[in-house]
Amino acid sequence: MPELPEVEVTRRSFADRIAGASVERVRLGKPLRWPLGCAPDGLVGRRVQAVQRRGKYLLVQLDAGWLLLHLGMSGSLQFAAALPPPGAHDHFEMHTSRGLLRLHDPRRFGAVVHVPSLDDTRARKLLDGLGVEPLEAGFDPLAFHRSLQMRRASIKQVLLAGDIVVGVGNIYASEALFLAGIRPTTRADRISRPRAARLHRAIVDVLQRALALGGSTLRDFSSAEGQSGYFQLDAMVYDRAGQPCRVCATPIRSLRQGQRSTYYCPLCQRP
Ligand SMILES: [Zn+2]
């Protein structure tokens, strides 16, 4: 599943190149998670001003309105002057004066939604519940600790919920909790201020490392230039059940938390 670093890498790979382009034609494939919300022809003539990101949404700012784009479970974007004819899994194409933006999404949990403004009800439904951006200055260790104090759920679940800090998916949550020495099942409100500060730093470190690697966790992920952004995360715990901890050699354990697998070292990570 594309996580925040992959979405940000995707954004950087085409944001500058598509800025200023005018929309010439839009083609839809099979239905995605949500409908586009306007007639495809209604986008013709619109000019792309910028591509921003909020959580795992790419926000394509047009001279009138926005396109909210989500890669879902298996989506990837390409932007190029020319691409081969669309395949069975290419469900959104926007031809512009600067090239073709194409969403490839075999599982179709992704979406492209047009909204007249970010205050629009549909935009707010998607964006309002999102927590702070982990790679921006608003992600502050003390505020993070205060937010955790309000939650009785396990820290792993709280991170995945994304309403305190956004975009820390399963892999990065597992890795950050290892780096911080915190057991994933620990109640969020039982985490002390120093431990919350360590976790804060671990989240930033893990995400920045992934970003630097051109991060992807999706096998067929490619950045919008068509380069493979896939990298094998050199995971400390994720997907390593039964294998020795890279720090203390204790076998890594796994458990299920809210339908998701969690991995941890019973010695390095304290409750
Ligand atoms: Zn260990």
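The values are calculated or read from the model by the stated rules, or taken from the named source; none is laboratory data. Given the structure is predicted, the values throughout are model-derived calculations rather than measurements. Positions of Cβ are backbone-derived with ideal geometry, glycine not excepted, and every protein chain shown enters the neighbour counts. Please note that ligands, DNA and RNA were not included when accessible areas were found on the heavy atoms of the full protein model with its side chains. Shrake-Rupley method; radii C 1.70, N 1.55, O 1.52, S 1.80 Å.
General observations
- If you filter segment 35-48 down to residues that are buried (at least 16 other Cβ atoms within 10 Å of the Cβ) and out of contact with any helix residue (DSSP H, G or I) (no Cβ under 7 Å at 6 or more places or on another chain), you find that the one that is nearest to S174 (Cα to Cα) is L36.
- Answer from G226, G258, G215 - the residue that is touching a Phe, Trp or Tyr at 6+ places or on another chain (Cβ under 8 Å) and modelled with pLDDT under 90: G215
- Yes/no for R187 being modelled with pLDDT of 90 or more and open to solvent by 20 Å² or more (accessible area, probe 1.4 Å): yes
- Close pairs (7 angstrom Cβ cut-off, 6 or more residues apart or separate chains): in contact (Cβ under 8 Å) with a residue 40 or more places away in the chain in segment 155-168, in a helix (DSSP H, G or I) and β-branched (V, I, T) anywhere: V168/I203
- No other residue among D234, D220 is within 16 Å of the ligand (Cβ to nearest atom), at pLDDT below 95 and out of contact with any Phe, Trp or Tyr (no Cβ under 6 Å at 6 or more places or on another chain) apart from D234.
- Failed criterion for A137 (all others in (1) at pLDDT 95 or above; (2) among the aliphatic types (A, V, I, L, M); (3) closer than 30 Å to G20 by Cβ; (4) open to solvent by 50 Å² or more (accessible area, probe 1.4 Å) hold): (1)
- Taking the criterion of being more than 8 Å from the ligand (Cβ to nearest atom), in contact (Cβ under 8 Å) with a residue 40 or more places away in the chain and either open to solvent by less than 40 Å² (accessible area, probe 1.4 Å) or in a strand (DSSP E or B) (or both), the residues of segment 251-271 that qualify are L255, Q257, R260, S261, T262, Y263, Y264, R270.
- The selection criterion, being modelled with pLDDT of 60 or more, surrounded by 13 or more Cβ atoms within 10 Å (Cβ to Cβ) and in a loop (DSSP other than H, G, I, E, B), does not hold for C248.
- In segment 154-168 there is at least one residue matching the filter, namely being open to solvent by less than 10 Å² (accessible area, probe 1.4 Å), in contact with a Ser or Thr (Cβ under 7 Å, 6 or more places away or on another chain) and of a type in the set (V, I, T).
- Hey, D63 acidic (D, E) and within 19 Å of D16 (Cβ to Cβ) or not: yes
- Here L32 clears all of (1) under 22 Å from the mean Cα position of the chain (by Cα); (2) farther than 15 Å from F92 by Cβ except the condition numbered (2).
- Residues being at pLDDT 90 or above, buried (at least 17 other Cβ atoms within 10 Å of the Cβ) and assigned to a loop (DSSP other than H, G, I, E, B) - total across segment 69-82: 3
- Scanning segment 140-153 for residues that are surrounded by fewer than 16 Cβ atoms within 10 Å (Cβ to Cβ) and more than 20 Å from E175 (Cα to Cα) turns up L142, A143, R146, Q149, M150, R152.
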